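Asks: Structure incoming, see below.
The values are calculated or read from the model by the stated rules, or taken from the named source; none is laboratory data. Since the model is a prediction, treat every value here as computed from it, not as a measurement. Backbone-built Cβ (ideal geometry, glycine too); neighbour counts: all protein chains shown.
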Amino acid sequence: MHWFGWKGRFILRRLGLLVLQVWGIVTTVFILIQLLPGDPTYLLGGEFSTPSTRASIAQDLGLDQPIYVRYFKYMENVLHGDLGTSYFTGKPILEEVLRHFTATFELVTFAFIVAVGLGIPLGIWSAVSRKGFLKNIPTAYGMVAGALPEFWWALMSILILYVILGFAPAPIGRIDVSVDPPHTITGLYTLDALMTGNVSAFASSLAHLVLPGLTLAFVNAAPIVKVTRTQMLEVMSSGFVRYAQACGMKRGRIYRDALKNALLPVITYSGLVYGFLISGAVLVETVFSWGGLGQFAVSSVVNSDYLAVAGSVMFIASFALTVYVLMDILQAVVDPRTNR
Amino acid sequence: MASILSVERLVKRFPAPGAAKAFIWAVSDVSFDIEKGETLGLVGESGSGKTTVGRCLLRLVEPTSGRIVFLDQDIAKMNLRDFRSLRAKIQIVFQEPHESLDPRMTIAAAIGEPLKLVKHMTRLEQSDRIIEVARQVLIPKEDLTKYPHELSGGQLQRAGVARAMITNPELIVLDEPTSLLDSSVRAEIMELLIDLQQKTDVSYLFVSHDLTSVEHISHRVAVMYLGKIVETGTTKQVFEAPLHPYTRSLLSSVLVADPAKEHVRAPLVGEIPSPINRPTGCFLHTRCPIAIDACRTVTPELVDLGRGHRVSCIRVAPLPSQVFARNQLVAWTDNRGFARAEGTDGQRTELGTERH
């Protein structure tokens with residue numbers, strides 16, 4: 001009964017909205033792709049192909065059809081899970097997208113866990129510490145981490161940890177060339193290696209994960225630190241905290257109660273960071289030759305592989321939206337103010 | 001009657017932001033007493049330091065100097081661990097009812113929060129006490145399981161009062177508890193506070209800029225300007241025969257509902273000076289309509305004009321050592337116990353105009 005109360009309706013509405021949003025994305029992506037410069041028939045037929053060859057290629061791809069026919073055909077295929085076949089690799093795009101996505105997912109999830117695990121405690125710490133120098137840590141950190149682009153940090157970490165110190169493995173791919181990837185279960189190398197008990201694959205894939213993961217975490221923890229700090233400071237100056245102080249409550253207890261109130265916006269914000277990372281990791285992926293989804297999308301753009309671009313964008317956008325919806329639902333469930 | 005609270009020469013200065021050696025003088029040399037079962041109204045504009053005084057009593061801000069003797073112990077310099085045992089005896093109600101309750105605590109949990117200060121109480125005794133106090137402040141039982149966002153401002157402020165009352169305190173600092181409420185709700189809360197005081201003999205420090213509320217609830221009043229008390233006395237003395245030019249201007253800014261009463265407008269000129277660069281002499285001399293040259297150099301002290309009506313103004317209540325030429329104002333207490341002032345030249349100055 002409770003479930004179909006306010007919260008239940010909120011969740012249903014939010015899910016309904018998600019469907020509309022995804023439809024909007026599919027449509028937008030389709031339109032944008034029509035506007036992209038470059039002609040795939042040239043790419044496939046070659047620079048010196050005759051017009052008739054190109055026409056027959058266009059016919060094969062259905063490019064000679066009017067745009068609305070292509071749109072409905074495309075929608076129908078998408079609904080059946082068919083994102084088309086890559087002009088370039090000849091493989092189904094869904095398969096390509098999923099394969100690259102698992103790589104990105106592994107990297108980004110690792111980075112996200114580190115960023116949150118680092119950002120939230122650091123934010124709290126700087127908000128409650130009264131010594132001047134600790135207070136400035138997040139500001140300094142935010143400036144240092146935020147002012148320089150991720151790929152620069154990626155290159156620096158490679159230079160120092162791989163080239164000079166030799167701690168890290170070569171920044172090529174997700175696992176050592178000499179080590180066989182673990183048997184695919186989830187597609188995440190570290191997890192698969194753990195599940196199959198493959199120690200050498202686990203060690204190697206984890207070692208490869210560390211540098212790009214920490215680079216992403218380092219840069220993306222900075223705003224989480226800031227948001228946590230701001231929220232925490234705001235709650236710490238609110239009346240009920242002042243009252244608890246007037247009652248002489250133990251400091252730890254006051255922080256705990258304050259944190260409960262401060263954390264909600266932080267969770268929402270962290271969700272945004274996570275959704276963003278899926279596509280935003282592309283630069284770091286490129287530096288580390290990670291073979292992630294962002295990289296796949298970029299190379300598809302370069303190759304005028306329209307359907308692959310469409311598939312990647314659709315997948316990334318839908319994934320981000322789903323994360324945001326889950327965050328909204330989580331917030332609704334947790335917050336007593338959305339009780340009725 | 002014995003004082004339960006005695007504040008002596010309380011000073012609180014904050015370091016001024018951005019300036020190395022400068023200070024914001026929030027409270028400069030404030031002394032007052034509160035007796036058992038008594039309400040002292042602390043009045044002043046925003047920036048007068050009245051809220052800081054209240055917060056010093058709870059050590060929410062650390063006093064710079066001075067003594068705060070509460071139940072025969074100086075709590076101003078007491079270490080916080082020792083003070084913890086006294087916390088249950090001195091409580092506070094804040095201005096913002098919505099903000100001063102944790103949005104993630106039920107009303108019952110919020111009311112019961114200070115019980116953590118009281119040892120040797122079983123859970124059952126605690127919940128009994130919560131229900132008892134809720135009944136006293138007229139919070140219906142079904143509201144106890146609700147969260148703050150589900151209640152109105154008035155109900156929340158009742159919860160704020162209940163929370164302060166639950167440990168049976170000797171003194172409650174009421175920090176503008178009604179200034180954000182609608183006038184009908186305000187009246188209810190005021191009646192509740194007066195009723196609770198009669199039942200429990202608790203003392204209040206009622207901090208407010210709302211003169212009507214202060215007059216209604218207080219037994220005695222202290223008027224603050226720029227961190228100093230400029231006039232203090234019984235509510236009747238201060239409201240019916242204000243002597244200090246600042247009090248007079250403050251009172252004249254209140255609309256009087258009775259048209260038969262003479263309404264004297266005595267506005268002050270200019271803005272309240274900065275608490276970082278305070279004026280010399282009397283702090284009011286930059287704005288005072290009756291200031292003379294001496295006001296710029298002589299620091300006035302509170303002088304008792306009889307029956308506890310004390311004023312800090314050399315024009316109204318000169319110290320014996322301070323003799324000024326011409327038109328010296330003389331103050332005395334009339335047969336009704338009110339202080340009066342009149343010029344020595346026989347002419348009534350604006351200050352001497354009687355307020356019936």
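Asks: Could you check the stretch B:148-166 and list, in sequence order, the residues that are buried (at least 20 other Cβ atoms within 10 Å of the Cβ) and within 12 Å of chain A (Cβ to nearest Cβ)? Spell out the reasoning first.
Replies: Residues of the stretch B:148-166 that are buried (at least 20 other Cβ atoms within 10 Å of the Cβ), as a first pass: B:148, B:155-166.
Those that are buried (at least 20 other Cβ atoms within 10 Å of the Cβ) and within 12 Å of chain A (Cβ to nearest Cβ): B:148, B:156, B:157, B:159, B:160, B:163, B:164, B:166.
Asks: Next question. Conditions first: (1) surrounded by fewer than 18 Cβ atoms within 10 Å (Cβ to Cβ); (2) part of a loop (DSSP other than H, G, I, E, B). Residue A:174 passes all but one, so which condition is the exception?
Replies: (1)
Asks: If you go through the stretch A:69-108, how many residues are over 15 Å from residue A:294 (Cα atoms) and either among the β-branched types (Val, Ile, Thr) or more than 22 Å from the chain's Cα centre (by Cα) (or both)?
Replies: Number satisfying all stated conditions: 22.
Asks: Taking the residues in the stretch A:301-326 that are of a type in the set (S, T, N, Q) and surrounded by fewer than 17 Cβ atoms within 10 Å (Cβ to Cβ) as candidates, determine which candidate is nearest to the other protein chains (Cβ to nearest Cβ). Break it down stepwise before answering.
Replies: Within the stretch A:301-326, the subset of a type in the set (S, T, N, Q) is A:303-304, A:312, A:318, A:322.
Still in the running and surrounded by fewer than 17 Cβ atoms within 10 Å (Cβ to Cβ): A:318, A:322.
Working: A:318: 33, A:322: 28 Å.
Step by step, filter the stretch A:301-326, then rank; the result is A:322.
Asks: With a cut-off of at least 1 residues that are closer than 23 Å to residue B:238 by Cα and of a type in the set (D, E, K, R), name the helices (runs of 4 or more DSSP H) lying wholly within the stretch B:138-217.
Replies: Working: elements: B:153-165, B:183-200, B:211-217.
In the stretch B:138-217, B:183-200, B:211-217 are the helices (runs of 4 or more DSSP H) which contain 1 or more residues that are closer than 23 Å to residue B:238 by Cα and of a type in the set (D, E, K, R).
Asks: Sticking with this one: Which ones in the stretch A:135-178 are within 17 Å of residue A:227 (Cα to Cα), of a type in the set (S, T, N, Q) and either more than 26 Å from the chain's Cα centre (by Cα) or at pLDDT 80 or above (or both)?
Replies: The one that is within 17 Å of residue A:227 (Cα to Cα), of a type in the set (S, T, N, Q) and either more than 26 Å from the chain's Cα centre (by Cα) or at pLDDT 80 or above (or both): A:136.
Asks: Still on this structure, I have one more. Name the residues in the stretch A:201-215 that are surrounded by fewer than 24 Cβ atoms within 10 Å (Cβ to Cβ) and touching a Leu at 6+ places or on another chain (Cβ under 7 Å), would you? Don't jump to the end; show me each part of the working.
Replies: Of the stretch A:201-215, the ones surrounded by fewer than 24 Cβ atoms within 10 Å (Cβ to Cβ) are A:201-203, A:206-207, A:209-211, A:214.
Those that are surrounded by fewer than 24 Cβ atoms within 10 Å (Cβ to Cβ) and touching a Leu at 6+ places or on another chain (Cβ under 7 Å): A:202, A:209, A:211.
Asks: Among the listed residues A:101, A:30, A:48, identify the single one that is part of a loop (DSSP other than H, G, I, E, B) and of a type in the set (Phe, Trp, Tyr).
Replies: Just one listed residue meets the conditions, A:48.
Asks: Hey, can you tell me all the residues within the stretch A:78-94 that are part of a helix (DSSP H, G or I) and surrounded by 14 or more Cβ atoms within 10 Å (Cβ to Cβ)? Reasoning before the result, please.
Replies: Step one: of the stretch A:78-94, the residues part of a helix (DSSP H, G or I) are A:78-79, A:93-94.
Correct list: A:78, A:93, A:94.
Asks: Picking from A:264, A:259, which residue would you name as being within 11 Å of chain B (Cβ to nearest Cβ), surrounded by fewer than 18 Cβ atoms within 10 Å (Cβ to Cβ) and either touching a Pro at 6+ places or on another chain (Cβ under 7 Å) or of a type in the set (A, V, I, L, M, F, W, C) (or both)?
Replies: After ruling out the rest, the residue left standing is A:264.
Asks: Of the conditions (1) outside any helix (DSSP H, G or I); (2) farther than 19 Å from residue A:244 by Cα, residue B:104 fails just one. Which one is it?
Replies: Against the list (1) outside any helix (DSSP H, G or I); (2) farther than 19 Å from residue A:244 by Cα, residue B:104 comes up short only on (2).
Asks: A further question on this structure: Which residues, taken from the stretch B:83-116, are within 11 Å of chain A (Cβ to nearest Cβ), under 24 Å from residue B:3 (Cα atoms) and surrounded by fewer than 20 Cβ atoms within 10 Å (Cβ to Cβ)?
Replies: Of everything in the stretch B:83-116, those that are within 11 Å of chain A (Cβ to nearest Cβ), under 24 Å from residue B:3 (Cα atoms) and surrounded by fewer than 20 Cβ atoms within 10 Å (Cβ to Cβ) turn out to be B:83, B:84, B:85, B:86.
Asks: Could you list, in sequence order, the residues of the stretch B:13-36 that are without any contact (Cβ under 8 Å) to a residue 60 or more places away in the chain and in a strand (DSSP E or B)? Walk me through how you get there before you give the answer.
Replies: Taking the stretch B:13-36 as the starting set, the residues that turn out to be without any contact (Cβ under 8 Å) to a residue 60 or more places away in the chain are B:13-15, B:17-18, B:20-21, B:33.
B:13, B:14, B:15, B:33, listed by residue number.
Asks: Do you know which residues across the stretch A:68-108 are in contact with a Phe, Trp or Tyr (Cβ under 8 Å, 6 or more places away or on another chain) and among the hydroxyl-bearing types (Ser, Thr, Tyr)?
Replies: Answer for the stretch A:68-108, where residues must be in contact with a Phe, Trp or Tyr (Cβ under 8 Å, 6 or more places away or on another chain) and among the hydroxyl-bearing types (Ser, Thr, Tyr): A:71, A:74, A:87, A:104.
Asks: Kindly indicate whether any position in the stretch B:40-58 is in contact with a Leu (Cβ under 7 Å, 6 or more places away or on another chain), within 24 Å of residue B:309 (Cα to Cα) and either charged (D, E, K, R) or surrounded by fewer than 17 Cβ atoms within 10 Å (Cβ to Cβ) (or both).
Replies: yes
Asks: Taking residue A:60 as the residue in question, decide whether it is surrounded by 12 or more Cβ atoms within 10 Å (Cβ to Cβ), among the acidic types (Asp, Glu) and either in a helix (DSSP H, G or I) or over 22 Å from the mean Cα position of the chain (by Cα) (or both).
Replies: On the way: surrounded by 12 or more Cβ atoms within 10 Å (Cβ to Cβ): no; among the acidic types (Asp, Glu): yes; either in a helix (DSSP H, G or I) or over 22 Å from the mean Cα position of the chain (by Cα) (or both): yes.
Judged against the criteria, residue A:60 is not a match.
Asks: Let me ask something additional. For the stretch B:63-82, give me each residue that is buried (at least 18 other Cβ atoms within 10 Å of the Cβ) and facing chain A (nearest Cβ under 9 Å).
Replies: Residues of the stretch B:63-82 buried (at least 18 other Cβ atoms within 10 Å of the Cβ): B:63, B:66, B:68, B:70, B:75-76.
Matches in the stretch B:63-82: none.
Asks: Is it fair to say residue A:329 is within 14 Å of chain B (Cβ to nearest Cβ), in a helix (DSSP H, G or I) and under 30 Å from residue A:237 (Cα atoms)?
Replies: Values: within 14 Å of chain B (Cβ to nearest Cβ): no; in a helix (DSSP H, G or I): yes; under 30 Å from residue A:237 (Cα atoms): yes.
No, not satisfied.
Asks: Filtering the stretch A:246-256 down to residues that are more than 10 Å from chain B (Cβ to nearest Cβ) and crowded, with 17+ Cβ neighbours inside 10 Å, which residue is nearest to residue A:327 (Cα to Cα)?
Replies: Taking the stretch A:246-256 as the starting set, the residues that turn out to be more than 10 Å from chain B (Cβ to nearest Cβ) are A:251-252, A:254-256.
So of that shortlist, the ones also crowded, with 17+ Cβ neighbours inside 10 Å come out as A:254-255.
Working: A:254: 26, A:255: 24 Å.
Out of the qualifying residues, it is A:255.
Asks: Within the stretch A:219-245, can you find the residues that are at the interface with chain B (Cβ under 8 Å from one of its Cβ atoms) and either buried (at least 24 other Cβ atoms within 10 Å of the Cβ) or closer than 14 Å to residue A:126 by Cβ (or both)? Show your work before the answer.
Replies: Step one: filter the stretch A:219-245 for residues at the interface with chain B (Cβ under 8 Å from one of its Cβ atoms), giving A:238-240, A:242-245.
Those that are at the interface with chain B (Cβ under 8 Å from one of its Cβ atoms) and either buried (at least 24 other Cβ atoms within 10 Å of the Cβ) or closer than 14 Å to residue A:126 by Cβ (or both): A:240, A:243.
Asks: Oh, and also: For residue B:211, are the conditions met, namely being at pLDDT below 95 and either buried (at least 22 other Cβ atoms within 10 Å of the Cβ) or more than 14 Å from every other protein chain (Cβ to nearest Cβ) (or both)?
Replies: Values: at pLDDT below 95: yes; either buried (at least 22 other Cβ atoms within 10 Å of the Cβ) or more than 14 Å from every other protein chain (Cβ to nearest Cβ) (or both): yes.
Answer is yes for this residue.
Asks: If you check residue A:298 against the conditions, is it without any contact (Cβ under 8 Å) to a residue 60 or more places away in the chain, more than 14 Å from chain B (Cβ to nearest Cβ), over 19 Å from the mean Cα position of the chain (by Cα) and more than 30 Å from residue A:237 (Cβ to Cβ)?
Replies: On the way: without any contact (Cβ under 8 Å) to a residue 60 or more places away in the chain: yes; more than 14 Å from chain B (Cβ to nearest Cβ): yes; over 19 Å from the mean Cα position of the chain (by Cα): no; more than 30 Å from residue A:237 (Cβ to Cβ): yes.
So residue A:298 fails the test.
Asks: Still on this structure, please answer the following. Looking at the stretch B:37-61, which of the residues that are of a type outside the set (Val, Ile, Thr) and without any contact (Cβ under 8 Å) to a residue 60 or more places away in the chain is nearest to residue B:302 (Cα to Cα)? Before you say what the answer is, go through the steps one by one.
Replies: Start the filter on the stretch B:37-61 by keeping residues that are of a type outside the set (Val, Ile, Thr), which leaves B:37-38, B:40-42, B:44-50, B:54-60.
Checking which are without any contact (Cβ under 8 Å) to a residue 60 or more places away in the chain leaves us with B:56, B:59-60.
On the way: B:56: 22, B:59: 26, B:60: 27 Å.
Taking the candidates together, the pick is B:56.
Asks: Would you be able to say whether some residue in the stretch A:197-216 is closer than 25 Å to residue B:55 by Cβ, in contact (Cβ under 8 Å) with a residue 24 or more places away in the chain, among the hydrophobic types (A, V, I, L, M, F, W, C) and more than 14 Å from chain B (Cβ to nearest Cβ)?
Replies: Of all residues in the stretch A:197-216, those closer than 25 Å to residue B:55 by Cβ come to none.
No: the stretch A:197-216 contains no residue that is closer than 25 Å to residue B:55 by Cβ, in contact (Cβ under 8 Å) with a residue 24 or more places away in the chain, among the hydrophobic types (A, V, I, L, M, F, W, C) and more than 14 Å from chain B (Cβ to nearest Cβ).
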